[in-house]
1. Do any of B:314/B:344; B:26/B:359; A:285/B:131; B:21/B:154; B:66/B:182; B:254/B:359 go past 20 Å between their Cα atoms, and which?
2. With the Cα gyration tensor of region A:1-125 in hand, convert its eigenvalues to equivalent ellipsoid semi-axes via √(5λ) and list them largest first in whole Å.
3. Output the DSSP H helices from chain B with an along-axis C-alpha extent of no less than 15 Å and a mean Kyte-Doolittle hydropathy no less than -0.5.
4. Answer with one residue from B:328, B:65, B:227: the one whose Cα lies farthest towards the positive end of the charge dipole of chain B, charges on Cβ with Lys, Arg +1 and Asp, Glu -1.
5. Is region A:142-198 rounded, prolate or oblate when judged by the Cα gyration tensor, a ≥ b ≥ c being the square roots of its eigenvalues, rounded requiring a/c under 1.5 and prolate requiring a/b larger than b/c?
6. May I ask you to derive the relative contact order of region B:5-224, considering only C-alpha pairs under 8 Å and at least 6 residues apart, and to give it as an integer percent?
7. How big is the accessible area of residue B:329 in square angstrom, nearest 10, if you roll a 1.4 angstrom probe over the protein chains?
8. Would you mind checking which residues have amide H under 5 Å from residue A:52's amide H? H placed 1.01 Å from N; only 5 or more apart, or other chain.
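The values are calculated or read from the model by the stated rules, or taken from the named source; none is laboratory data. Not measured: the values here are computed from a predicted model. Because the Cβ atoms are built from the backbone with ideal geometry, glycine has one as well, and the counts that use them run over all protein chains shown. Accessible surface is based on the protein model in full, side chains and every heavy atom, while ligands, DNA and RNA are left aside. Shrake-Rupley method; radii C 1.70, N 1.55, O 1.52, S 1.80 Å.
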Amino acid sequence: MKPTYFINFMMGMYIFIFFAYLFGPLIVMSITAFNSAEFPSISPWECFSFRWFNEGKIAYDGQHLAGLLSDWRLHDGIISSLIIGAGVVSLSVPIGMAAAIVLTQVRSQLRDIYYSISIMPVLFPGVIIGISTVVLWDRIAGLGGDGFISDVGRNGIFLTILAQTCFISTYCFLIFVARLQRFDQTQEEAALDLGATQTQVFFKILVPYLMPAIASAAVIAFLFSFENYNTTVFSILSDQTLTTVIASKVRLGISPALSALALTIIALTIIAAVTYEILRRRSEKKYAQSQEIFVKEKAASGRINKEYKVGFKVPKGIVAILLVLVFATYGATQIVKNDLYGQSCIDAADQEKKSKFLEQLQTLESNELTEEELSGGSLGGTEDYGDIFGDPSLFQDFGGFD
Amino acid sequence: MSADVELNNVSVTFGSFYAAKSVNVKINGGEFFSFLGPSGCGKTTLLRAISGFQDPSEGSVLIDNKDMFGIGPNKRPTSLIFQNLALFPLMSVSENIAFSLEVRGISKKDRQKRADELLELIALEGQGEKKVHQLSGGQKQRVAIARALAVEPKVLLLDEPLSALDLKLRQRMRTELREIQKRVNITFIYITHDQGEALTMSDRIAVMNEGEIEQIGPCDEVYNNPLTPFVATFVGENNPLFGKVKEINQNKVKIETPDGDFLSTMNENKKLNIGDEAIAFVRPESLFIPRDGDNFDNQIKVNIESFEFEGNIKNFYATLSSGTRIKFSIPNAIDTSSISSGTKLQLGFESIKSSILPKAQLAID
């Protein structure tokens, strides 16, 4: 084996392990969403089903396990999370932008101090931000008696927007700082020189330049707000967001409906990322074409290779796509072959569980405990241990505490 | 519509540092005026004082006899063309040109009309829809000029706008700038460190050094009759010959140097006395190899060290008997194939083509 092959092999292994570590849990969780069993699992596989995306199930013992569509607490949580996300975006983007613009105006030593103070909220534990927001607003709400201030100061959604904005605006600040560092300030001067007012310079020169940063800051702010737990859990008070709902569900016992939710979120994320990438590539291609036209106009015609043709290129992701297809086909054939799908399978599984449950009930009934067994029986009764403390020789060597 | 620009005793300080010191200059309406000086001499500071980005610490800037103190750059009748041009990359060429009209609330139709007019002026008709990045260097340059002219400023300020272009383009843009200035007939104030640019385009130039103006005058006067050794060596090339004044006869001065006595011409504004330390200057192109019948005022013995071929001329580097190095240029039309390193020659130059000045700082190459 040549050393380069070995190195390539090791590199491949490393990448495989790394990605398995990153995406393994997500893949397993996504598969469990399609298993009809009450507990998220791959094996034993019960039936292939979409029930956890829909209505969930009513178990044989009468317990209702909600699916994604029928879980109203989850829906309320998602709605609160969306409202909070929108609030956080509309506050932290302008705050971050303003702070970054101020940074370009301050000079030398003051600049470092200002920068350090500005990024400090990121370093605070989210718990502290959450608690301190609640404590502050509780005081404020207590000032005016009953009324608007009191209502607002004890509104969980309002407090959560404020608390999250505290540190999320800092991430926005960092995004704007990065973009502003590349800003050519002579453009502002040029606009001023051409007669623009400061306001016009801001809206016609600076804001268009910052547009990509505004977009990415908004996306980042929304994502951070949507997934935040440790600040939210304190500041949300009696309301619920998606994360707090999930957390309280996990406390009661995990359900495949959460897997279904996770898969939905992953799918939405992938769709958004792919759409963005397609749009980006399209605009890049457009730019490249315009440049090509420009070069062709400028260059002497003899220097353009007219015979140039783009050869067929195999997309690099083809191996991954093929692998996924092979596994999916194999899984699907196994499910169909063993009749592990559809209502009949679910009914059969329920029937089996019900009979097992009845069996257990019968066993319990037939082994009814006697009075003697309940009070300890032959092993656990008090009489066996009763006279441990009655033994007069037990403490005879104990000299006492003093 | 052009305006006079007057700088009265203008100083600009940053802390204890004088970026510009007591500058007095009156630029006439419709003039092409250049500030010429090495980097860091304060010429850009002066331009920022005229355009309104920097108020002078002392003195006043007058445009059309109106004191401009406290008036911002957006309220002054000036337009500035930046060194990096500062075109707006997110706008099309037309939008760039019409920006000054847009911020003044002029209708889109009128803006488009004016942009088309200006595109014609800079010979870029029909290219208004292009983005800035689709233009070549020279085209960008012209768009920047059109953008600055769109509001019909009374004064156009140019901050080394040609420095990023290659030589051929720079030479062409010089002619074009001059033509545009004649067509629009407004005051142009041009900043450069390139003496070639300043001399070819300007009506008058001001040579600056360390925040102060050393000389103001028409190009040929500054070149032929420099007022200070700095100007003599910064504008064009010059060979300095150090010595002491030996004889004065009206404006003819004889200077005694280690390499002999030379006759030179004294500037009437820079009087010298016998015994003063002085420098006589002679330009490389004023040194000749005498031919039969030539009779020069001054003779000078040189020992050729090296030479370089520049195309139209051939430059020779030589030493005098004292070790002083001088340079002289011979047009390529004259056969100089017999001269090589080690050749000893006798050169001559006319006293009228040599100037003598009191000893002072030279421009450092």
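1. Numbers: B:314/B:344 17 Å; B:26/B:359 29 Å; A:285/B:131 16 Å; B:21/B:154 26 Å; B:66/B:182 25 Å; B:254/B:359 15 Å.
B:26/B:359; B:21/B:154; B:66/B:182, as the Cα separations exceed 20 Å there.
2. Values: eigenvalues 395, 222, 22 Å².
Calculated on Cα positions only, the semi-axes equal 44, 33, 10 Å.
3. Values: long enough: B:108-121 (20 Å, -1.79); B:137-149 (18 Å, -0.22); B:167-184 (26 Å, -1.28).
Membrane-span-like by this criterion, though nothing is claimed about a membrane: B:137-149.
4. Positive-end residue among those listed: B:65.
5. Working: a/c = 6.76, a/b = 2.34, b/c = 2.89.
Taking the square roots of the gyration eigenvalues as a ≥ b ≥ c, region A:142-198 is oblate.
6. On the way: 413 pairs, mean separation 63.9, N = 220.
That works out to 29 percent.
7. The accessible area comes out at roughly 20 Å².
8. Placed amide hydrogens put nothing under 5 Å from residue A:52.
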